[in-house]
1. Does at least one position in the stretch 172-181 carry a residue that is in contact with a Lys or Arg (Cβ under 6 Å, 6 or more places away or on another chain) and either at pLDDT 95 or above or exposed (fewer than 15 other Cβ atoms within 10 Å of the Cβ) (or both)?
2. Which condition from (1) closer than 24 Å to residue 292 by Cα; (2) assigned to a loop (DSSP other than H, G, I, E, B) is the one that residue 114 breaks?
3. Which residue, of 216, 221, is surrounded by fewer than 21 Cβ atoms within 10 Å (Cβ to Cβ) and of a type in the set (A, V, I, L, M, F, W, C)?
4. How many residues does the stretch 306-320 hold that are open to solvent by 30 Å² or more (accessible area, probe 1.4 Å) and over 14 Å from residue 198 (Cα atoms)?
5. Among the residues of the stretch 224-238, write down those that are farther than 27 Å from residue 195 by Cβ and open to solvent by less than 10 Å² (accessible area, probe 1.4 Å).
6. If a residue must be of a type in the set (Val, Ile, Thr) and modelled with pLDDT of 95 or more, how many such residues does the stretch 251-297 contain?
7. Of all the residues that make up the stretch 243-259, how many are open to solvent by 10 Å² or more (accessible area, probe 1.4 Å) and over 23 Å from residue 80 (Cβ atoms)?
8. Test of understanding: among 228, 198, which residue is over 30 Å from residue 168 (Cα atoms) and either in a strand (DSSP E or B) or among the polar types (S, T, N, Q) (or both)?
Amino acid sequence: MQPPEGSRIQRRNFSLNAYCSLYTFYNPIRIPFYFKHRYEITRRQFLKRGTLVVASLGLGTAGYSWLGEPNWLDKVYIDLALPQLPPSLNGMKLIQFSDVHLGMGKEAADLEKLADIIMAEKPDMICFTGDMVDDDPNPLRAGVGALQKMSAPLGKFAVLGNHDYLNDVLLVSEMMEQGGFTMLTNENIQIKRPDGTLAIIGLDDQLLGKPNVNKATSDIAEDACRILLMHEPDYADKIPINFGFHLQLSGHSHGGQIRLPWFGAVITPRGSRKYIMGWYQAGPQRQLPLYVNRGIGTSQVPIRLMCRPELTIFTLRRADQ
C-alpha cells in the first residue's frame, strides 16, 4: 500500500534480490504451504513452526536470523503531509518505536543503545505504541534510565500493548511514567498553538484492555489535527469515520517477524492479520492513513528473518487545505 499523497519514504533496507539469494542457497527443504494461513495459534505452535521454518532454511540463515537481523535496525524516514496540522508545527519530527519486548532477547542495555539512536535524530516528539515488556515487568526496572534519556520538547507518549498486560500492567505503566512517558489509556494530550491544535490520542489495548474512542476524544475540537496511538493495527477498521483521525500509528505485528520471499509473513497475531507492516488506507471507508511499525524486539522466539527491527522517523508537514 502506498503512503498518503504528498508523503515520501526513505528506507535503508537489504535488497530483495539479496534475500532471495539467501533463500535459494539455504532452502533445501520446501516450506509447507499451510504456513501461509494467518490464524490464532498457541505459543507452542508458534515455536514449533517458527523453528521449522528457520531450520529448513539452513544453518547459515538460522544464525543470521538469531544473531544478525534482530540487531540490524532499519531507520525509516517518512515525510508526511497531515491536514489541520498547525502551521507553527510544520516540519516537526515525530519518532515512533514499538514492541521492545524486554526479557525476550532484549535487555536494558539494548534500550540504552536505542535511546542514543533516537536522541541522535533530535526528535520533537516520541511515541511508543505498546509492548515494552514481553511478560515479566522486572527487566524494565533497569531500563527506566534509558527511557529518561529520551527527551523531546513536545512530549513523550505511550500506549499499552497486550504483553504489557500479561503480568503487572500497573507496574509497567508506573515505570513508563518514571521514564518520563505520558501514558495515554483512552486519553489524549493536546498541544495548543495560536494557529491550531495537535491532539495525540491513545487507546487501551484491544485484546486485553478496554479501548474507548468516545472517552479518548470527548474534549477535542473539530478543527484539531488528530494522531491516534493504538497497539493493534486492525482496530482501525472498528473506528467510525466521524472521529476524524488523520493518522493511526500501530505496532503489534512485528511485521510477521519471519517472512519469506513471494510469501510474506509466515504467521501474524490476532489484531494484525489484515494490517502487518508499512502503510495502509484503513477504516470503514478506507479514510484513515495507518502506519504499522515492525517493532524493536521479538516475541515467542528471539529471531527475525527478512523483517528487520524498525525505528520510524516522521517529518510532519501541513497538507494544503
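1. The answer is yes, given that some residue of the stretch 172-181 is in contact with a Lys or Arg (Cβ under 6 Å, 6 or more places away or on another chain) and either at pLDDT 95 or above or exposed (fewer than 15 other Cβ atoms within 10 Å of the Cβ) (or both).
2. Unmet for residue 114, out of (1) closer than 24 Å to residue 292 by Cα; (2) assigned to a loop (DSSP other than H, G, I, E, B): (2).
3. 221
4. Going through the stretch 306-320 one residue at a time, the tally reaches 2.
5. 230, 231, 232, 233, 236
6. The number of residues fulfilling the criteria is 3.
7. 1
8. That would be 198, the only listed residue that is over 30 Å from residue 168 (Cα atoms) and either in a strand (DSSP E or B) or among the polar types (S, T, N, Q) (or both).
The values are calculated or read from the model by the stated rules, or taken from the named source; none is laboratory data. Note that this is a predicted model, so its numbers are computed, not measured. All Cβ positions, glycine included, derive from the backbone under ideal geometry; neighbour counts span all protein chains shown. Areas reflect the complete protein model, heavy atoms only, side chains present, ligands, DNA and RNA absent. Shrake-Rupley method; radii C 1.70, N 1.55, O 1.52, S 1.80 Å.
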